[in-house]
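Inspection log for the structure reproduced underneath, given as structure tokens.
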Amino acid sequence: MPALLEIDRLHLRFRLFEGISHVINGIDLRVERGERVAIVGESGCGKSVTVRLILGLLQQNNVLVEGSIRFDGVDLLQLKRARLREIRGRRICAVFQDPMASLNPTFKVYDQLRTVIQRGEARRDAYAVARAALQEVAITDPDRVLGAYPFQLSGGLNQRVLIAMSLVNQPDLILADEPGTALDVTVQEQTLLLMRRLTEQRQSSVLLITHNLGVVREFADRVYVMYAGNIVEQAPTPELFANPRHPYTQALLASVPTLSGERLPEGIDGMVPDYTSPPEGCRFHPRCPAATSVCRRPQPFGTVGENHLVACRLYRSEHHG
Amino acid sequence: MAEPLLRVRDLRKHYGEGSRAVRALDGLTLNVEPGETLAVVGESGSGKTTLANLILGTEHPTAGSIAFQGGPLPAKRSLELRRKIQYVQQNPMTTLNPRRTILQSIRLPLQTHHLRPRAEQRGRAAELLEIVGMSAAYLNRFPRALSGGQRQRVAIARALAVEPTLLVLDEPTSALDVSVQAKALSLLVDLQRRFDLTYLFITHDLSVVRTIASRVAVMYRGGVVEIGPTREVFAAPSHPYTRMLISSIPVVSEAEQHLKPAWPWERILALGAGDASEGCAFAPRCPFADEPCWREPPPLTMVGDDHSAACHITTGMVVPADKDAW
């Protein structure tokens, strides 16, 4: 059986005044049924546009896409808009970063939840469904929340409303783009706890987009590390944290402030490249302490452990190179 | 102990009148010692930025006092006082005037404070850029040509231009990527040593605090709920809100996971709304809240050397029923 989501050789280019910006540079990615997968990377690495491509939200004239995004065997990039709409909101749902920006301030919570419920299978009692959905995200007074406008509720409550909204149609895949990070840390923690619990119960798959390695460790089964439009390392979560191999993954881990306070975080010199003229080969090489001339050529993935792949010359034996 | 550099007593800032007033600061008391980094931590709406504004003199307190180097800070500040207290704000994208070159931005405080003759200003600006790790080639560029991390460095260089005593840093690294944030934090630590600076470091992110602050003050709803040496506050957090904050930091190793206090997240989710107008402001979100918490606000009480917390559990008036969760 194919994976629920299969992304193959995906390229994304924007046609800009300055030239062609090559934002996603041939990524492959899988999400199995019931699996929680994370893409981790810093701003501008291409993680959020990947989500937008899956949702079909990047259909502009200056966007050039190559490759395929197969969901349950169907290539979403080839679908007509009407067919895509049947999948989106029913089988694929999304939770975004800022709940205030995702909810319409001029409609009550119930009205917004109802339109989502009605996109699912025709259900007679939308109110009861909405009420039950809010109770599932531990909202103790669902009637008050359903009758309120988003601006009358706290950010944390709105975030829970969005989680309820994304789960109410029992989707197969949830795309979560930095959920809760626009809110306080305590709300982010609660968001992750709820998402983890509810998706586990329903066996839904999740593709989580985050810049926070700590969040990955707490939430995901498997992780892809992305840098400048490339996936540089992929592994099951415990394996990645126990044996980070790519110099970028290692540097990113060393940048996280510690609770023990034993050392200052280290950081990475330089900056993310300009996508209209990215570095040849491994796009990390200008910032990499281990870079040699070999790194100017494209770096294919090599296996360094079970399901653990790294795109770096350091881990390729010579006869393969 | 020597005279504190900054002495804040029972500071209040209310917006609006009467019962509908928003009490952004509601009786805040703290000291900042010379040469230290005091981190002020709290969620949005806890009053952190209001505190910064009052210290900088852009807003005026409703009641209470702020003293700097032993003297009260007047509403109308002398040029000298404005020079000594400098500010770095959160958003590197809006902190620099987009129509000024980097040189113009850094030169402005030199001119305002009459610090260098015109002929020396360019050289001084180049020197300041070098201090924050940037080449003088950036002097003639505009902010749009710089990354977020570089802009924040320029903002720091501009603050340092006038040789301040106290730097108020309002979320200086929050808008930066973690790899850039790490570099900015090291820079701040390095500059503090080099120039004998005192930092008031305002942040919502407790994780950056541990490595750089000597002391930490945790704010909730306009008041300090816990204050003490960073090491102690992290090792033995005494206020439930501090525990909640530390336990919500996502960490990257098993060893770090063990440093987090236990926290009953499941019970937090089930908590309803409560009326905290009489008692402790945190009571509606506290899984340990008991009858005294709803009745009267807990006073700030010593729990260790130089370490205080405002909670009825530390005063002994409330005993947590669930010992494991605490």
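The values are calculated or read from the model by the stated rules, or taken from the named source; none is laboratory data. For clarity, every value in this text was computed on a predicted model and none was experimentally measured. Positions of Cβ are generated from backbone atoms using ideal geometry, with glycine treated the same way; all protein chains shown enter the neighbour counts.
Annotations for the structure displayed:
- The single condition among (1) within 14 Å of chain B (Cβ to nearest Cβ); (2) in contact with a Phe, Trp or Tyr (Cβ under 8 Å, 6 or more places away or on another chain); (3) without any contact (Cβ under 8 Å) to a residue 24 or more places away in the chain that A:GLY302 does not meet is (1).
- Residue, farthest from the other protein chains (Cβ to nearest Cβ), within segment B:34-55, restricted to residues that are touching a Ser or Thr at 6+ places or on another chain (Cβ under 9 Å) and β-branched (Val, Ile, Thr): B:VAL40
- Segment A:190-231, subset more than 14 Å from every other protein chain (Cβ to nearest Cβ) and hydrophobic (A, V, I, L, M, F, W, C), residue surrounded by the fewest Cβ atoms within 10 Å (Cβ to Cβ): A:ILE209
- Restricting B:ARG99, B:ARG144 to those that are in contact (Cβ under 8 Å) with a residue 40 or more places away in the chain, farther than 21 Å from A:GLU266 by Cα and within 14 Å of chain A (Cβ to nearest Cβ) reduces the list to B:ARG144.
- Note on segment A:232-270: residues that are acidic (Asp, Glu) and in a strand (DSSP E or B) total 1.
- Checking the stated criteria, A:LEU134 turns out to be more than 12 Å from every other protein chain (Cβ to nearest Cβ), more than 13 Å from A:ALA94 (Cα to Cα) and in a helix (DSSP H, G or I).
- In segment B:282-326, residue surrounded by the most Cβ atoms within 10 Å (Cβ to Cβ) [restricted to those that are hydroxyl-bearing (Ser, Thr, Tyr) and modelled with pLDDT under 90]: B:THR314
- The lone exception for B:ARG116 - which of (1) in a helix (DSSP H, G or I); (2) among the charged types (D, E, K, R); (3) free of Cβ contacts under 8 Å to residues at least 24 places away in the same chain it fails: (1)
- Matching helices (runs of 4 or more DSSP H) fully within segment B:212-326 where at least 3 residues are away from chain A (no Cβ under 14 Å): B:291-295, B:312-315
- Residues satisfying the stated conditions in segment B:218-237, i.e. crowded, with 19+ Cβ neighbours inside 10 Å and touching a helix residue (DSSP H, G or I) at 6+ places or on another chain (Cβ under 9 Å): B:VAL218, B:MET219, B:TYR220, B:GLY222, B:VAL225, B:GLU226, B:ILE227, B:THR230, B:VAL233, B:PHE234, B:PRO237
- Tallying residues that are surrounded by 23 or more Cβ atoms within 10 Å (Cβ to Cβ) and not in a helix (DSSP H, G or I) within segment B:147-175 yields 6.
- Odd one out for A:SER48, checked against (1) outside any helix (DSSP H, G or I); (2) polar (S, T, N, Q); (3) within 14 Å of another protein chain (Cβ to nearest Cβ); (4) touching a residue at least 12 places away in the same chain (Cβ under 8 Å): (1)
- Single unsatisfied condition, B:PRO240 versus (1) within 23 Å of B:VAL32 (Cβ to Cβ); (2) more than 16 Å from the chain's Cα centre (by Cα); (3) buried (at least 24 other Cβ atoms within 10 Å of the Cβ): (1)
- Across segment A:232-264, the qualifying residues are those that are small (Gly, Ala, Ser) and within 12 Å of chain B (Cβ to nearest Cβ), and the one among them that is nearest to A:ILE24 (Cα to Cα) is A:ALA251.
- Cβ pairs under 6 Å, 6+ apart, first in segment A:278-295 and within 17 Å of A:GLY26 (Cα to Cα), second among the polar types (S, T, N, Q): A:CYS282/A:GLN299; A:ARG283/A:ASN230
- Of all positions in segment B:193-201, none carries a residue that is within 11 Å of chain A (Cβ to nearest Cβ) and modelled with pLDDT of 95 or more.
- The number of residues in segment B:261-281 being among the hydrophobic types (A, V, I, L, M, F, W, C), surrounded by 15 or more Cβ atoms within 10 Å (Cβ to Cβ) and more than 15 Å from A:GLY156 (Cβ to Cβ) comes to 4.
Per-residue answers, yes or no, for (1) free of Cβ contacts under 8 Å to residues at least 12 places away in the same chain; (2) of a type in the set (Asp, Glu); (3) in contact with a Phe, Trp or Tyr (Cβ under 9 Å, 6 or more places away or on another chain); (4) on the phi < 0 side of the Ramachandran plot:
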site: A:GLU239; (1), (2), (3), (4): no, yes, no, yes
site: A:PRO244; (1), (2), (3), (4): yes, no, no, yes
site: A:GLU266; (1), (2), (3), (4): no, yes, no, yes
site: A:VAL272; (1), (2), (3), (4): no, no, yes, yes
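Let's see how each residue does on (1) touching a strand residue (DSSP E or B) at 6+ places or on another chain (Cβ under 6 Å); (2) within 30 Å of B:GLY223 (Cβ to Cβ):
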| site | (1), (2) |
| --- | --- |
| B:GLU59 | no, yes |
| B:THR62 | yes, yes |
| B:LEU73 | yes, yes |
| B:LYS76 | no, yes |
| B:GLN86 | yes, yes |
| B:THR112 | no, no |
| B:ALA126 | no, no |
| B:ASN140 | no, no |
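- Look at (1) touching an Asp or Glu at 6+ places or on another chain (Cβ under 6 Å); (2) surrounded by 23 or more Cβ atoms within 10 Å (Cβ to Cβ); (3) within 25 Å of B:THR242 (Cβ to Cβ) and you find that B:SER214 fails only one, number (2).
- Filter result for B:ALA75 (on the phi < 0 side of the Ramachandran plot, over 24 Å from the mean Cα position of the chain (by Cα) and surrounded by fewer than 19 Cβ atoms within 10 Å (Cβ to Cβ)): no
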